Amino acid sequence: MEYHEIRFLNSAAKASQWPDSELPEIIFAGRSNAGKSSLINSLTNRKNVAYAGKTPGKTKLLNFFEVDGKVIFTDAPGYGYASGGTRSVLSFSDILEPYFNERKQLKGMVLVLDARRIPNSDDLTMIEFARAVHLPVIAACVKCDKLSYSQQLKSIKQICETLNIAKSSAYAASNLNRTGIDKLREAIFRMAGIE
Ligand SMILES: Nc1nc2c(ncn2[C@@H]2O[C@H](COP(=O)(O)OP(=O)(O)OP(=O)(O)O)[C@@H](O)[C@H]2O)c(=O)[nH]1
Ligand SMILES: [Mg+2]
């Protein structure tokens, strides 16, 4: 297994708290409980670095992680967690909009999706944030361990159609058994402009 260094930098609610770094950045976005933090952990072969909390919907800030001294992974707040009021992407727009508009080194978005579910309007809103600033998007369809291979193909096709993205931008992966993780890491590093 490849070794990857991951270091938590900080959490930020506003621009003045973004890390003072020029490294390329990739934002990880997706529904609460989709598997964003798990994915950041599996991409770096770690178990617990990226968990800011076990309670779904707890991560309300942008959490910055430096990987291999080469790239920063930004863990975005999960959306759509309905308990004590539904939280949509839009309720995070104070945090997200400045980041998308002003963060010069932002190179792409990894939209983390549950491979078993059709993307919803919040996922579409999120992808629109990226499109508005011409950011490339990779769809990381995790939890594929819950699906048979033929179900995965069907699901990925539906996800691509719903999000209107190319099949080459969608990856089936599992944080549980590590299927697809190495390929996904390669694609993400390529998007960040590093090999
Ligand atoms: N079977 C399976 N379970 C997964 C996978 N990825 C994540 N999970 C589980 O899904 C749950 C949510 O994972 P998290 O990584 O905390 O999700 P998150 O997107 O960071 O959630 P928030 O921080 O609340 O937005 C956890 O119980 C994980 O163990 C996967 O690939 N397969
Ligand atoms: Mg998380």
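Readers should treat all values here as calculations from the given coordinates under stated rules, not as data from a laboratory. Quick caveat, the model's predicted, so the values are computed rather than measured. So basically every Cβ, Gly included, is an ideal-geometry build from the backbone, and we count neighbours across all protein chains shown.
For region 106-119, a residue qualifies if it is surrounded by 15 or more Cβ atoms within 10 Å (Cβ to Cβ) and away from ligand 2 (no atom under 16 Å from the Cβ), and the qualifying residues are L106, K107, G108, A115, R117, P119. For region 23-45, filtered to residues that are assigned to a loop (DSSP other than H, G, I, E, B) and within 12 Å of ligand 1 (Cβ to nearest atom), the residue that is farthest from K104 (Cα to Cα) is N33. Yes or no: region 132-141 includes at least one residue that is within 15 Å of the chain's Cα centre (by Cα) and within 16 Å of ligand 2 (Cβ to nearest atom). Yes, because at least one residue in region 132-141 is within 15 Å of the chain's Cα centre (by Cα) and within 16 Å of ligand 2 (Cβ to nearest atom). Do you know which residues across region 92-151 are in contact (Cβ under 8 Å) with a residue 40 or more places away in the chain and among the hydroxyl-bearing types (S, T, Y)? Result: Y99, single match. Annotation for region 160-170: no member residue is touching a residue at least 12 places away in the same chain (Cβ under 8 Å), out of contact with any Cys (no Cβ under 9 Å at 6 or more places or on another chain) and buried (at least 21 other Cβ atoms within 10 Å of the Cβ). Among the residues in region 176-189, are any under 15 Å from G30 (Cα atoms) and surrounded by 15 or more Cβ atoms within 10 Å (Cβ to Cβ)? Taking every residue of region 176-189 in turn, none turns out to be under 15 Å from G30 (Cα atoms) and surrounded by 15 or more Cβ atoms within 10 Å (Cβ to Cβ).
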